[in-house]
1. Just the residues that are within 29 Å of residue 135 (Cα to Cα) and either crowded, with 24+ Cβ neighbours inside 10 Å or of a type in the set (Gly, Ala, Ser) (or both), please, taken from the stretch 309-335.
2. Among the listed residues 68, 54, 26, identify the single one that is of a type outside the set (A, V, I, L, M), at pLDDT 90 or above and either in contact with a helix residue (DSSP H, G or I) (Cβ under 6 Å, 6 or more places away or on another chain) or over 30 Å from residue 175 (Cα atoms) (or both).
3. Residues that are of a type in the set (Ser, Thr, Tyr), over 21 Å from the mean Cα position of the chain (by Cα), within 18 Å of residue 40 (Cα to Cα) and outside any helix (DSSP H, G or I): does the stretch 98-117 have at least one?
4. Give the stretch 73-92 a look and list any residue that's assigned to a helix (DSSP H, G or I) and open to solvent by 10 Å² or more (accessible area, probe 1.4 Å), or say none.
5. What residue, of 187, 193, is surrounded by fewer than 19 Cβ atoms within 10 Å (Cβ to Cβ), modelled with pLDDT under 95 and assigned to a loop (DSSP other than H, G, I, E, B)?
6. Restricting the stretch 272-306 to residues that are in a loop (DSSP other than H, G, I, E, B) and under 20 Å from residue 244 (Cβ atoms), which is modelled with the lowest pLDDT?
7. Please verify whether the stretch 105-118 includes one or more residues that are out of contact with any Pro (no Cβ under 9 Å at 6 or more places or on another chain), surrounded by fewer than 19 Cβ atoms within 10 Å (Cβ to Cβ) and without any contact (Cβ under 8 Å) to a residue 12 or more places away in the chain.
8. Only one of these is at pLDDT below 90, out of contact with any Lys or Arg (no Cβ under 7 Å at 6 or more places or on another chain) and either not polar (S, T, N, Q) or not in a loop (DSSP other than H, G, I, E, B) (or both): 95, 63. Name it.
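The values are calculated or read from the model by the stated rules, or taken from the named source; none is laboratory data. Everything numeric in this text was worked out from a predicted model, so none of it was measured. When we count neighbours, we look across all protein chains shown, and the Cβ atoms used for this are built from the backbone with ideal geometry, even at glycine. Please note that ligands, DNA and RNA were not included when accessible areas were found on the heavy atoms of the full protein model with its side chains. Shrake-Rupley method; radii C 1.70, N 1.55, O 1.52, S 1.80 Å.
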Amino acid sequence: MTTPHGEGPYRRHAHVDPLAGLRTPGDPPWDVYLTGTVFLDIIFTGLDSAPVRGTESWARGMGSSPGGVANMATALARLGLKTSLAAAFGDDHYGEYCWDALEHGEHIDLSASRTVPHWHSPVTVSMAYEGERTMVSHGHEPPPEEPAPDCPPRARAAIASLTPGTRAPWIAQAARKGARIFADVGWDDTGRWDLAALPDLEHCEAFLPNAEEAMRYTRTPCPREAARALTDRVPLAVVTLGAEGAYAVDGRTGETADVPAIAVEALDPTGAGDVFVAGFVTGTLAGWPLADRLAFAGLTAALSVQEFGGSLSAPGWAEIAAWWRRVQTYDDQDPSALRRYAFLEALLPEDARPWPLRRAVPTIGFRTSA
């Protein structure tokens, strides 16, 4: 299935609440809670090649936005979920910019976050070229954790990034408060690849590693076999397969889903994994079938890689609606591929008017008009 590209970023005024039919007066105040490190991302685009030692490269474009855990938080908020983020922010200009962009630009709750005096905000410079990226990061030792008194707050779900050999007490606390825990994992630098070194898996409803991680953790030769093996440790295993899509197994019901990827021209993969998780969590909380959740997660990730930047590229419902209406105009479109996404029809906004919806602004240092 193909998707349009080259029409510029879609920014339409559209508010969709995917959980509207499920909300009750006794609900938790937040749909999703997450915590982590916020970076200032500075993205250089339009480079003809990777920077070469001893030379100066000029980029044709540049943007800046909150990065790190802010990529995930922004993706969730743009999909209509009430999102609460606990993070430390530096008291420098970078920290002020990131806080403002998330709180006022994306309407993310930061009541569990804090500003740390005399702490320099972590910064990542990303250089995008030929569908690849090179990144350079700088940061100081993170400040000691000082969670808010009621942290983690009550939420329908929480998203955790597991670290081998480390237990994060907040995960168990969130689970005891009724949150459904979704987890991904980074590369195991120890080389052990031992599931027993991920003790917080016992609190998780879903585990979402990529194919390489899943096979290493399960000692299996096939990502689909790895997904099945992971259900011995977690109820729902979702393995991302890159250009092949994603595969999921629900160990509670035996249901499986295998959804191919959408063919796109990828400009920048930054944050695509975060967007995939956000899409899957959205569909899960909305009660969609497993295959629909996988398809939606893959679609949102595909839309994100067609624009530069992490949180800057996370799609909202207006972008999804624009894609759906545009893709149906292709004469050679596979009807079965269209049917795969027909479940979105009832959710998509009808308003297609251009709208100057405020996102994380593309550069810092300029004042915006009131």
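1. Taking the stretch 309-335 and keeping what is within 29 Å of residue 135 (Cα to Cα), we get 309-316, 319-320.
Hits for the stretch 309-335 are 309, 310, 311, 312, 313, 314, 315, 316, 320.
2. Numbers: 68 fails: either in contact with a helix residue (DSSP H, G or I) (Cβ under 6 Å, 6 or more places away or on another chain) or over 30 Å from residue 175 (Cα atoms) (or both); 26 fails: either in contact with a helix residue (DSSP H, G or I) (Cβ under 6 Å, 6 or more places away or on another chain) or over 30 Å from residue 175 (Cα atoms) (or both).
When all the criteria are applied, what remains is 54.
3. Yes, the conditions are met somewhere in the stretch 98-117.
4. Just the residues of the stretch 73-92 that are assigned to a helix (DSSP H, G or I), to begin with: 73-78.
Scanning the stretch 73-92 gives 77, 78.
5. Working: 193 fails: modelled with pLDDT under 95.
After ruling out the rest, the residue left standing is 187.
6. Keep residues of the stretch 272-306 that are in a loop (DSSP other than H, G, I, E, B), which gives 286-289, 305-306.
This time we only want the ones that are under 20 Å from residue 244 (Cβ atoms), so: 305-306.
Values: 305: 77, 306: 72.
Only one residue tops the list, namely 306.
7. no
8. Details: 95 fails: at pLDDT below 90.
One residue alone meets the criteria, 63.
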